[in-house]
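Everything on this sheet refers to the single structure shown next.
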Amino acid sequence: MPELPEVEVVRRGLAGWVTGRTIAAAEVLHPRAVRRHVAGAGDFAGRLAGRTVAAPRRRGKYLWLPLAEDGGPAEAVLAHLGMSGQLLVGDPGREREKHLRVRALFDDGGHDLRFVDQRTFGHLMLTEMVPDPFGAGLVPAPISHIAADPLEDAFDEEAFIGALRRKRTGIKRALLDQSLISGVGNIYADEALWRARLHWARPSDSLTRAEAARVLEAAREVMGAALAVGGTSFDSLYVNVNGESGYFERSLEAYGRRGEPCRRCGTPIHREEFMNRSSYSCPTCQKRPRRV
DNA sequence: ATACCTCCCTGTGTGC
DNA sequence: TGCACACAGGGAGGTA
């Protein structure tokens, strides 16, 4: 499942293939893939034709391709991969993937760009850019409300720690709240909490400053480590732009390890249901708080 | 306002 | 063998 490291791997992969190239035509094969583009699939495809793509950018789990100025307002193609979205580049003549949703052809006749998405939680849209509330130039309007992610310069560590400790919720819910910190999903939330030795239900307003800083640092470290090896391909639905899996699954300490021994203390890892999904933790290293 | 719940999707794996 | 169902989960949108 693509979270920050996986999306960053895709961004880097795309950069070498699409930057500076001009889209000749775009084709929407499944309208759900552009459901958030309110003007519709025809408008989306039509307005992409003839536009030149600048270097891909990312914030949290969102990726966007800025489009070169065409006299109108600054625009970008915004992408969210959801659970199973893939952005792939390759020979335009190759076979169509079963879950191909959107395809862009370039005017040089070279590699095309495809959006493939089995579970259709991902989406693409063409959107205007607005000034970044965190001062990093322009960002796509629909994501101007999300926080910076912990791997970008615009991330304000002190502001995050303060907001986290003021919030009245559980630490994991806070880590997954994209308006507080972006880019962290279920896998890296569990991994960061394991590293910081904190239980997911720990009230965020009970965290000491040191604990809050510790879980943030853990999130940074684990996402950085995952990025360095191409991300986590837990269920093989995440691949880079060339269709290759990442290698971080073997380094996961908590996520998906139900019943397997904690590599710190040997206690079997617990799986609990939380927010209609799974939370994995070590019952010895990560003590459940008394009040929940 | 904040906190938290439901719903949208489809392929895979498991149990009967 | 085939069917039913649990499971994976980000974020929009709703309720209290």
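The table below lists the values:
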item	result
Single condition A:ARG94 does not satisfy, out of (1) assigned to a loop (DSSP other than H, G, I, E, B); (2) within 20 Å of the chain's Cα centre (by Cα)	(2)
When residues of the stretch A:97-115 are limited to those that are under 21 Å from A:ARG51 (Cβ atoms) and of a type in the set (Lys, Arg), the one farthest from the chain's Cα centre (by Cα)	A:ARG103
Selection within the stretch A:100-148 - among the charged types (D, E, K, R), surrounded by 17 or more Cβ atoms within 10 Å (Cβ to Cβ), touching a residue at least 24 places away in the same chain (Cβ under 8 Å) and in contact with an Asp or Glu (Cβ under 9 Å, 6 or more places away or on another chain)	A:ARG101, A:ARG103, A:ARG114
Single residue of A:ARG263, A:ARG271, A:ARG288 found to be open to solvent by 30 Å² or more (accessible area, probe 1.4 Å), in contact with a Phe, Trp or Tyr (Cβ under 6 Å, 6 or more places away or on another chain) and not β-branched (Val, Ile, Thr)	A:ARG271
Criterion (in a strand (DSSP E or B) and within 16 Å of DNA strand B (Cβ to nearest atom)) met by exactly one of A:PHE160, A:PHE115	A:PHE115
Residue satisfying condition, being buried (at least 22 other Cβ atoms within 10 Å of the Cβ), over 15 Å from A:VAL9 (Cβ atoms) and either out of contact with any His (no Cβ under 9 Å at 6 or more places or on another chain) or in the same structural domain as A:GLN178 (by TED's automatic domain parsing) (or both), within set A:ALA226, A:ALA210, A:ALA219	A:ALA219
Whichever residue in the stretch A:170-207 is part of a helix (DSSP H, G or I) and charged (D, E, K, R) and, among such residues, is surrounded by the most Cβ atoms within 10 Å (Cβ to Cβ)	A:ASP190
Every residue from the stretch A:116-145 that is more than 13 Å from DNA strand C (Cβ to nearest atom) and in contact with a Leu (Cβ under 6 Å, 6 or more places away or on another chain)	A:VAL116, A:MET129
Unique residue being among the basic types (Lys, Arg) and either touching a Pro at 6+ places or on another chain (Cβ under 8 Å) or closer than 27 Å to A:ARG59 by Cβ (or both) when the list is A:ARG257, A:ARG263, A:ARG220	A:ARG220
Qualifying positions in the stretch A:63-89 - at positive phi and either more than 16 Å from DNA strand B (Cβ to nearest atom) or assigned to a strand (DSSP E or B) (or both)	A:GLY71
Scope the stretch A:19-40; condition away from DNA strand C (no atom under 16 Å from the Cβ), within 18 Å of A:ALA76 (Cβ to Cβ) and out of contact with any Leu (no Cβ under 6 Å at 6 or more places or on another chain); matching residues	A:THR19, A:GLY20, A:ARG21, A:THR22, A:VAL28
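The values are calculated or read from the model by the stated rules, or taken from the named source; none is laboratory data. As the structure is a prediction and not an experimental result, all values here were calculated from the model. Cβ sites come from the backbone with ideal geometry, for glycine too, and all protein chains shown count toward neighbours. SASA here: full protein model, heavy atoms, side chains in, ligands and nucleic acids out. Shrake-Rupley method; radii C 1.70, N 1.55, O 1.52, S 1.80 Å.
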